[in-house]
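The values are calculated or read from the model by the stated rules, or taken from the named source; none is laboratory data. What you see is a predicted model, and the numbers here were worked out from it, not measured in a lab. No Cβ is skipped: glycine too gets one built from the backbone with ideal geometry, and neighbour counts run over all protein chains shown. Side chains are part of the model used for accessible areas, which takes the heavy atoms of the whole protein and leaves out ligands, DNA and RNA. Shrake-Rupley method; radii C 1.70, N 1.55, O 1.52, S 1.80 Å.
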Amino acid sequence: MSEQLRYLLLQVRNSDDPMREQEVSCFAKALETQIGQISVFDLLGGPLQEIDLERTDVVLIGGSGHYSAAGEGRWLEVALESLRVVHDTRKPTFASCWGFQAMARAMGGRVIHDLNRAELGVHHVTLTENGKADPIFGPLGSVLQGLMGHEDTVVELPPGTELLASTERVENQAYRFTDRPIYCTQFHPELDQKSFLNRLRVYPEYVEKIAGLSMEEFRHSIHDTPETMALLKRFVQQIAPIHLEQK
């Protein structure tokens, strides 16, 4: 099924950000699909319309470089309205990091900038009872590890969602909408150790600022998290086909 799916990756990245192409490659690797099956829509270039989703089976949303879901600005208003379009169409959607935060805010949740709850690197993620019962998260067991890097934090989930996972520092680490196939994670299931380090070499200021380590020290502190990377493939194998068959 995953080989036939058409993906649309919504990005919030500057035109000269080398992570634009890297992000596509990371999602393709995690989904075990071809890069050519993933189209890109630049949310900084204008609003997403429902017609833009007509030839899409699954929507992906990832990180954002230097853009915050906790701020203000016309670009953010456009991006949030675009995510409401995704929500309204009930397209199967998997959002990580900035996408996790932006989808929460778009649908009525609250996001704040809080360095005291910032996380960078591999962190233990504990599933809630809803997470343990969830078909996508449940097979992972009660505790998993996830690669993450964020300064913004979702402090209130939007209505119509259920919490799936938490860390010691941040309660809202993963959630899903109960009435549509939309899953969101604060951590990055699309990244492995190598791609995570490559991304941080583009944004090196976060390593010392959040982790308090040199890049070399930080490199030795993280590792692959294959159990969380498996979330994406399980999502397209179990959630997306059910939705597509109903259409």
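The table that follows gives values for the structure above.
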{"read-out": "Per-residue SASA entry for residue 128, accessible area with 1.4 Å probe, Å² rounded to 10", "value": "30 Å²"}
{"read-out": "Under 5 Å, built H, 5+ apart or other chain: amide partners of residue 119", "value": "150"}
{"read-out": "Sequence of 208, 168 when ordered by accessible area, the most exposed leading, probe 1.4 angstrom", "value": "168, 208"}
{"read-out": "Contour excess over end-to-end distance, with Cα ends at residue 216 and residue 202 and 0.36 nm allotted per residue", "value": "3.6 nm"}
{"read-out": "Set of lysines with alpha-carbon distance to residue 209 below 30 Å, sequence-local pairs under 8 removed", "value": "29, 194"}
{"read-out": "Where Rh is the Kirkwood radius over Cα pairs, Rg/Rh for segment 63-138", "value": "1.00"}
{"read-out": "Most mobile of 15, 166, 142 in a GNM of the chain (Cα contacts under 10 Å)", "value": "15"}
{"read-out": "Lys, Arg +1 and Asp, Glu -1 on Cβ, resulting dipole of the chain about Cα centre, debye, nearest 20", "value": "320 debye"}
{"read-out": "Sites residue 162 and residue 77 - FRET efficiency at Förster radius 25 Å, r taken between beta-carbons, to 0.05", "value": "0.40"}
{"read-out": "Length gained when the stretch residue 238-residue 15 is fully extended (0.36 nm per residue, less Cα-Cα span)", "value": "76.9 nm"}
{"read-out": "Area accessible to solvent at residue 91, 1.4 Å probe radius, in Å²", "value": "20 Å²"}
{"read-out": "Cross-link partners of residue 91 among lysines (Cα-Cα below 20 Å; sequence separation of 8 or more within a chain)", "value": "233, 247"}
{"read-out": "Listed candidates [x] -0.22, -0.57, -1.58; [y] -0.30, -0.70, -1.27; [z] -0.20, -0.51, -1.38 - label of the one calculated as log10 I(q)/I(0) by the Debye sum over Cα atoms at q = 0.07, 0.11, 0.17 Å⁻¹", "value": "[z]"}
{"read-out": "Among 19, 148, 215, residue whose mean-square fluctuation peaks in a GNM of the chain (springs only between Cα atoms under 10 Å)", "value": "215"}
{"read-out": "Segment 44-118, relative contact order [Cα under 8 Å, separation at least 6], %", "value": "40 percent"}
{"read-out": "Residue-averaged [θ]222 nm for the chain, counting only DSSP H segments that reach four residues, each worth -39500 (n - 2.57)", "value": "-10000 deg cm²/dmol"}
{"read-out": "Sequence of 21, 171, 216, 151 when ordered by accessible area, the most exposed leading, probe 1.4 angstrom", "value": "21, 171, 216, 151"}
{"read-out": "Average Cα contact separation per residue, the chain, under 8 Å, 6 or more apart, as relative contact order %", "value": "20 percent"}
{"read-out": "Cβ-derived FRET efficiency at R0 45 Å, residue 88 paired with residue 115, nearest 0.05", "value": "0.85"}
{"read-out": "GNM flexibility winner over the chain from 221, 195, 39 (Cα, springs under 10 Å)", "value": "221"}
{"read-out": "Å² per residue, accessible surface of segment 59-110 at 1.4 Å", "value": "31 Å²"}
{"read-out": "Approximate spin-label separation residue 194-residue 209, in nm, with each point projected 7 Å along Cα-to-Cβ", "value": "2.8 nm"}
